[in-house]
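The values are calculated or read from the model by the stated rules, or taken from the named source; none is laboratory data. Note that this is a predicted model, so its numbers are computed, not measured. Here the Cβ is made from the backbone with ideal geometry for all residues, glycine too, and neighbour counts use every protein chain on show.
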Amino acid sequence: MAPTLYDEKPEPGDLIEIFRGSYQHWAVYVGDGFVVHLAPPSEVPGAGASSVMSVLTEKAMVKKEELWDVVGINQWKINNCLDNEYSPRPVHIILRDAGELVGQELPYCVFRGNCEHFANELRYGKAESRQVRKAGEVVMVAGAAAAVGFGILALASALFGRSKKENKSDQ
């Protein structure tokens, strides 16, 4: 029988990616069934559409909670995907820093300081968010596509506009 997501056993320092529908929430496993995560006020299991409100908050709380309380009914997986780009910090440093942050209120920005930035900062010492990077790429592609579309429209307008003028002057 193939292992399921719930058969995975995280090790201290592992990043936990929790699938909340339209976005992912991130936490750092600290052992004994607990995670540390940056939680904006709306970040609760099953928050659904109300989690979108987290983009409007400017502060979030660092919490230490049981993994299953944070995951709720959502799917999750261990995801140390940046291990191929960066060396993880020593586990004792990750755990020490995570522990020192518990209970603190930190600035929160969905684009520059979200839960994924927080988790990656603890594990790698690099505050990065692939979700934000992907969203930026989508915006750039959409912007480029719009620019190309406007360019084609302008070119067509110039060509067809000129031919109408030329036809009028020929008559």
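A compact table of results
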item	result
Residue among 137, 116, 166 that alone is modelled with pLDDT of 55 or more and not hydrophobic (A, V, I, L, M, F, W, C)	116
Among the residues listed as 58, 100, the single one being surrounded by fewer than 16 Cβ atoms within 10 Å (Cβ to Cβ), within 21 Å of residue 41 (Cα to Cα), free of Cβ contacts under 8 Å to residues at least 12 places away in the same chain and assigned by TED's automatic domain parsing to the domain that holds residue 39	100
Subset of region 45-64 [modelled with pLDDT under 65 and closer than 24 Å to residue 124 by Cα]	none
Selection from region 88-113 of residues that are out of contact with any strand residue (DSSP E or B) (no Cβ under 8 Å at 6 or more places or on another chain) and modelled with pLDDT under 95	109, 110, 111, 112
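A quick yes/no check of all residues on (1) outside any helix (DSSP H, G or I); (2) under 14 Å from residue 118 (Cβ atoms); (3) modelled with pLDDT of 95 or more:
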| position | (1), (2), (3) |
| --- | --- |
| 10 | yes, no, yes |
| 21 | yes, no, no |
| 25 | yes, yes, no |
| 28 | yes, yes, yes |
| 43 | yes, yes, no |
| 73 | yes, no, no |
| 83 | no, no, yes |
| 86 | yes, no, yes |
